[in-house]
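S.K.: Structure provided below as structure tokens; questions to follow.
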Number of protein chains: 2
Amino acid sequence: MDQIDRNILRELQKDGRLTIQDLAQRVGLTSSPCMRRVRQLEQDGVIQGYRAVINPEAVGRGFEVLVSIEVKRDREAVEAFEAALQEIPDVIEAYRLFGSPGCLLRIAVADLTAYERLWIERLTTLSGITEVNSQIIMKRVKEPQGLPVDD
Amino acid sequence: MDQIDRNILRELQKDGRLTIQDLAQRVGLTSSPCMRRVRQLEQDGVIQGYRAVINPEAVGRGFEVLVSIEVKRDREAVEAFEAALQEIPDVIEAYRLFGSPGCLLRIAVADLTAYERLWIERLTTLSGITEVNSQIIMKRVKEPQGLPVDD
DNA sequence: AATGAAAAATCTTATGC
DNA sequence: GCATAAGATTTTTCATT
């Protein structure tokens, strides 16, 4: 990976639908070598895929909550808990942490009412957990812009 | 937005580089009406953009930390703090919360050493804050797959 | 109001240099 | 890495439902 590859990654994180030609121009190449580099980056797993970014409000997911969950410290409980998370579509991101809480979720739902229902029906009922703590997001302060790519 | 539009959103979140023709086939249209719908969704701001998804390890960002920060409850402190966050590229996401902590960051750096440097140089020195608490991410439990789109 | 078919413009991709 | 050319795709236009 050289400077040109890093520029390609930067550009494709800003606009994942750039044509190879536009991309080539921005990184100072013609399209054939540019395309070869992009395909290589895809094959190598550096570029894992491409995604449309959807406005959460537009699909009824404008209400976000961070949920800290304390999970029992044993392998079975952790595995069952993490498998259960995969089945809840409202859970957008989930991280297992060192220390306490054992897990943090980001959840997106329509509104407080929807969250109350989710909380009572699917979060408090998760097996292997000892505590659930919800924090409502007031505002997204920094929009995800992809990862910075250092020179 | 009808059922077809929702299917388009689902498909483009899975693969943001689908050709209009493939997309059209998947949602049961021919390419012209399909393209018009996609452009409309873009114009309406439902589709906010397209992004390549980069492997964090591949760009030296495989070490992630969640940082809870308590910010002074006054407008100036909050605004200065949030502006400062925009200038730290290692901060990938940031949320302002109701209650405590006032703010949660997700940070991606190369390793623990890089995080130590960031913490001492740029986090503890932020103005208007009263507490910084770092939690290292052991594992991403649920990969971001975009937002669920309900029928 | 939205779709489908077909043609023109543009883009992707393979090949030879 | 570049230039070219063949093959796909995008995008426009116009007729259709």
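S.K.: Have a look at B:Gln40, B:Ile20, B:Ile69 and report the one farthest towards the positive end of the charge dipole of chain B, computed about the Cα centre with Cβ charges (Lys/Arg +1, Asp/Glu -1).
M.R.: B:Ile20
S.K.: OK, next. In degrees between 0 and 90, to the nearest 10, how far off the longest principal axis of chain B does helix B:75-86 point, with axes built from Cα atoms?
M.R.: 70
S.K.: Placing a label point 7 Å from Cα toward Cβ, how far apart in nm is A:Glu143 from its equivalents in the other copies, listed shortest first to one decimal?
M.R.: So the distances to the same position in the other copies read 2.5 nm.
S.K.: OK, next. Taking amide H atoms as placed 1.01 Å from N in the peptide plane, list the residues 5 or more away in sequence, or in a different chain, whose amide H sits under 5 Å from that of B:Met138.
M.R.: A:Arg96, A:Leu97, A:Phe98
S.K.: Turning to a different aspect of this structure: With θ set to phi - 60°, apply the Karplus curve 6.51 cos²θ - 1.76 cosθ + 1.60 along region A:58-67 and write out the HN-Hα couplings as whole Hz, x wherever there is a Gly or Pro.
M.R.: Here the 3J(HN,Hα) series is 5, 10, x, 10, x, 10, 10, 9, 9, 10 Hz.
S.K.: Further, regarding this structure: At q = 0.07, 0.13 Å⁻¹, work out log10 I(q)/I(0) for the protein assembly as shown with the Debye formula, treating every Cα as an identical point scatterer and leaving solvent out; two decimals please.
M.R.: After summing over all Cα pairs, the log10 values are -0.30, -1.05.
S.K.: Now for a different question. Ignore the peptide's own chain and count Cβ atoms of other chains within 10 Å of each Cβ in A:103-113; give me the average, rounded.
M.R.: If you average over the peptide's residues, the count of other-chain Cβ atoms is 2.
S.K.: Here is a follow-up. Compute the helix-to-body angle for B:3-14: its Cα long axis versus the longest principal axis of chain B, expressed 0 to 90° and rounded to tens.
M.R.: Once rounded, one gets 50 degrees.
S.K.: If we count every other residue with Cβ under 12 angstrom of B:Arg140's Cβ, Lys/Arg +1 and Asp/Glu -1, where does the sum land?
M.R.: 0
S.K.: Could you please report the charge total around A:Asp22, scoring K, R as +1 and D, E as -1 over all other residues with beta-carbon less than 9 angstrom from its beta-carbon?
M.R.: -1
S.K.: With θ set to phi - 60° and the Karplus curve 6.51 cos²θ - 1.76 cosθ + 1.60, what are the ³J(HN,Hα) couplings of region A:36-48 in order, to the nearest whole Hz, using x for Gly and Pro?
M.R.: Result, rounded to whole Hz: 4, 5, 4, 4, 5, 4, 5, 4, 6, x, 6, 8, 8.
S.K.: Sticking with this one: Could you size up the charge dipole of chain A around its Cα centre, putting +1 on the beta carbon of Lys and Arg and -1 on that of Asp and Glu, and report it in debye to the nearest 20?
M.R.: Dipole size: approximately 380 debye.
S.K.: Let me check I've understood the local charge: for B:Glu82, count other residues with C-beta under 10 angstrom from its C-beta, Lys and Arg +1, Asp and Glu -1. What total comes out?
M.R.: After counting each charged neighbour, the total is +2.
S.K.: Moving on to the next point. What percent does the relative contact order of chain B come to when contacts are Cα pairs within less than 8 Å and at least six residues apart?
M.R.: RCO, chain B: 29 percent.
S.K.: Given N residues in region A:1-133, what is its alpha carbon radius of gyration divided by 2.2 N^0.38 Å?
M.R.: For region A:1-133, the normalised Cα radius of gyration is 1.46.
S.K.: Set the Förster distance to 41 Å, then compute FRET efficiency between A:Ser32 and B:Ser127 from the Cβ-Cβ distance, nearest 0.05.
M.R.: 0.20
The numbers here are math on the coordinates, done by the rules we state, and not lab data. Remember, it's a predicted structure, so these values are computed and weren't measured experimentally. We place every Cβ from the backbone using ideal geometry, glycine too, and count neighbours over all the protein chains shown.
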